[in-house]
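A quick write-up on the structure given underneath.
The values are calculated or read from the model by the stated rules, or taken from the named source; none is laboratory data. What you are looking at is a predicted structure, and each value in this text was computed from that prediction instead of being measured. All Cβ positions, even for glycine, are placed from backbone atoms using ideal geometry, and neighbour counts span all protein chains on display.
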Amino acid sequence: MAVKDKIVYQIYPKSFQDSNHDGWGDIRGVISRLDYLQELGINYIWFNPMVVSPQRDNGYDVADYRSFDPRYGTMEDFEELVSEAKKRGIDIMFDMVFNHTSTEHEWFKRALAGEEKYKNYYIWKKGKGPGVPPNNWQSKFAGSAWEYVEKFDEWYLHLFDVTQADLDWTNPEVRKECADIVNYWRSKGVHGFRFDVINLISKRSYEDDPNNYDGRQFYTDGPKEHEYLKELNLNSFGQDEEHLTVGEMSSTTIENCVQYAGKDCSELDMVFSFHHLKVDYKNQMKWELQPMDFMALKRLLSTWQVKMQEADAWNALFWNCHDQPRSISRFGNDKEYHKESGKMLAAALHMMRGTPYVYQGEEFGMTNACFTDISQYVDVESTNIYDVLLKQGKTKEEVLHILQERSRDNARTPMQWDDSENGGFSDVKPWLQSADSYKKINVANALKDPDSIFYFYQKLIKMRKEMPVVQEGLFIPLLEDHEKVFAYERKLNDESLICINNFFSEETEISLPLQDYEIILSNYQESALSDNMKLRPYETIIACRKQN
Ligand code: TEU
């Protein structure tokens, strides 16, 4: 598969680089930073949606799939971006939000106006009685997943915000529209596609959730999911080999993912799954904190590696994205061991089997936002849940603490380019406040320091491009019972690479037969291998078997 040597970099365009002084990132801003991305060595840029949207959910509420929101720029700007990126060996990946549209989309407006054709694009049901929704499903952003429309005496489904109405994928016209949109962007030079919550499109039935939960068992990995993906793939790409697809899979299973991202790529090239990013959710609840369950993290990472490999299916590898708190603040130590833990997390991820995704700022250790007041948050999920948790009886301090750990805005603060005002992102007030850490943690400092996290990422990326064992090697878990260390081997013919990672700020001991190995990358100046050795705080070691 052509994807095995690729690395994808995710840009949250609203927060990457403002070029026209409106506090909002834009396409020309990205163009001005392409050299930086080339230096890092990435192959693809995945952009979060830049199309017309009321921005209730920062672009995941699409009002027009084919035109840029003018705040990002014009089609001409985009054409320039495509050609400038191409010169630097970089391809573009777009985000296709096909589970729902904004209620500002023309289709929804025409549905509301009573046009039958467009009404059938969405999911409408009768209520159980006056003022009672069709079932008890909860929106992912709090409250009922149904909204009443008096005119029809019916409710429409919105698994996310009330302004994000779910599309009805049983309607072939909807499926055709989506394939046409992919084709439109292909004609504009986009070769990569990330499909947003794509495993929620096939609804199983509309029963009450017996567990009084959000209803996910009735719409996740639904009965026609694989069929729809195969059809979308065929109608979007046909025999064209030049594309790369990834599906965002919410609460999915390995059994489904081996099919979604199987070797024949008849559905997708790879999948994002999130189980490893719930190991600090108490009882699987996002808003209940607990320290990371490290053994669960190891087990999940290894299981997904091994099971996907057994089926010859392909994983997307990631710690960060625009929906997750910063990994260095979450699984590392963003204070005493900022550099060490940032590098360790990078190595642990990049040496695994799959395609690594780097989220803007991760490559030099951007940290959580550390907001202290609800007025600093913009994210719809965060502001909704703030009210819900207060109503449940939590104190303001408790809720703010939860948001400091869990809010999606932790990932969305402006990119930290230098120590000037707003981190060099914009010379006017940004749409979302910068994290204070920009004065120290920024690109300019990272590029000046040969020992920075940035250059460590650069080396990891180069290794993937140059080393078949990193691209193709078999993943074999090591030290499975060790309570502090995540370690594994990659094996290809007689080549062997070992990656050893201490996930804690204490020293720990390991014993592994390492006499035939030599270190090729680590995060401490002097590291030596022995069969019984001590690992320092957050130490990572990548070693290869010596060639005779
Ligand atoms: O996210 C879907 C998703 O399941 C999340 O990670 C989401 O943030 C979480 O459920 C909230 O608790 C995708 C996008 O990545 C996200 O930004 C959008 O808000 C969402 O879909 C709706 O389009």
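Here are the numbers for this structure:
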{"item": "Wholly within region 235-349, strands (runs of 3 or more DSSP E) carrying at least 3 residues that are in contact with a strand residue (DSSP E or B) (Cβ under 7 Å, 6 or more places away or on another chain)", "result": "244-248, 270-272"}
{"item": "Filter result for V428 (at negative phi and either surrounded by 19 or more Cβ atoms within 10 Å (Cβ to Cβ) or in contact with a strand residue (DSSP E or B) (Cβ under 6 Å, 6 or more places away or on another chain) (or both))", "result": "no"}
{"item": "Condition met for N20 (without any contact (Cβ under 8 Å) to a residue 12 or more places away in the chain and not in a strand (DSSP E or B))", "result": "yes"}
{"item": "Residue in region 122-137 that is within 27 Å of G222 (Cα to Cα), at pLDDT 95 or above, surrounded by fewer than 22 Cβ atoms within 10 Å (Cβ to Cβ) and within 13 Å of the ligand (Cβ to nearest atom) present", "result": "no"}
{"item": "Matching residues, region 33-69, being without any contact (Cβ under 8 Å) to a residue 60 or more places away in the chain, farther than 24 Å from W417 by Cβ and of a type outside the set (V, I, T)", "result": "S53, A63, D64, S67"}
{"item": "Residue tally, condition closer than 26 Å to G332 by Cβ and not in a helix (DSSP H, G or I), over region 374-396", "result": "3"}
{"item": "Pairs with Cβ under 8 Å, 6+ apart, first in region 319-330 and more than 15 Å from Y357 (Cβ to Cβ), second buried (at least 23 other Cβ atoms within 10 Å of the Cβ) and among the aliphatic types (A, V, I, L, M)", "result": "P325/A411; I328/L345; I328/M366"}
{"item": "Condition met for E242 (out of contact with any Asp or Glu (no Cβ under 8 Å at 6 or more places or on another chain) and either at pLDDT 95 or above or closer than 27 Å to P134 by Cβ (or both))", "result": "no"}
{"item": "Residue list for region 415-457, filter: outside any helix (DSSP H, G or I), under 28 Å from T540 (Cα atoms) and of a type in the set (S, T, Y)", "result": "S452"}
{"item": "Of the criteria (1) in the same structural domain as A261 (by TED's automatic domain parsing); (2) assigned to a helix (DSSP H, G or I); (3) among the aliphatic types (A, V, I, L, M), which one V358 fails", "result": "(2)"}
{"item": "Any chance A145 is surrounded by 15 or more Cβ atoms within 10 Å (Cβ to Cβ) and more than 23 Å from the chain's Cα centre (by Cα)", "result": "yes"}
{"item": "Looking only at region 59-114, and only at residues there that are of a type in the set (F, W, Y) and more than 16 Å from the ligand (Cβ to nearest atom), the one that is surrounded by the fewest Cβ atoms within 10 Å (Cβ to Cβ)", "result": "F68"}
{"item": "Hey, L460 within 21 Å of the chain's Cα centre (by Cα), surrounded by 14 or more Cβ atoms within 10 Å (Cβ to Cβ) and not in a helix (DSSP H, G or I) or not", "result": "no"}
{"item": "Residue that is nearest to R216 (Cα to Cα) [pool: residues in region 182-197 that are in a loop (DSSP other than H, G, I, E, B) and within 16 Å of the ligand (Cβ to nearest atom)]", "result": "V197"}
{"item": "Residue count for region 260-316, restricted to those that are of a type in the set (G, A, S) and within 16 Å of the ligand (Cβ to nearest atom)", "result": "2"}
{"item": "Test: residue in region 220-229 that is more than 30 Å from G143 (Cα to Cα) and either at pLDDT below 95 or surrounded by fewer than 20 Cβ atoms within 10 Å (Cβ to Cβ) (or both)", "result": "yes"}
{"item": "Residue, nearest to I461 (Cα to Cα), within region 353-370, restricted to residues that are buried (at least 21 other Cβ atoms within 10 Å of the Cβ) and hydrophobic (A, V, I, L, M, F, W, C)", "result": "V358"}
{"item": "Some residue of region 398-410 being within 16 Å of the ligand (Cβ to nearest atom), at pLDDT 95 or above, outside any helix (DSSP H, G or I) and farther than 18 Å from V8 by Cα", "result": "yes"}
{"item": "Selection from region 500-548 of residues that are of a type in the set (K, R) and either under 24 Å from N333 (Cβ atoms) or surrounded by fewer than 17 Cβ atoms within 10 Å (Cβ to Cβ) (or both)", "result": "K534, R536, K546"}
{"item": "Cross-chain or 6+ apart pairs with Cβ under 7 Å, region 459-476 first and farther than 10 Å from L497 by Cβ, then β-branched (V, I, T)", "result": "I461/I7; I461/I42; R464/I7; R464/V470; F475/V306"}
{"item": "Any chance W185 is closer than 30 Å to Y386 by Cβ and in contact with a strand residue (DSSP E or B) (Cβ under 6 Å, 6 or more places away or on another chain)", "result": "no"}
{"item": "Residue check, K125 over 30 Å from I27 (Cα atoms) and in contact (Cβ under 8 Å) with a residue 24 or more places away in the chain", "result": "yes"}
{"item": "Any hit, region 3-13, residues being of a type outside the set (F, W, Y), touching a strand residue (DSSP E or B) at 6+ places or on another chain (Cβ under 6 Å), more than 16 Å from the ligand (Cβ to nearest atom) and modelled with pLDDT under 95", "result": "yes"}
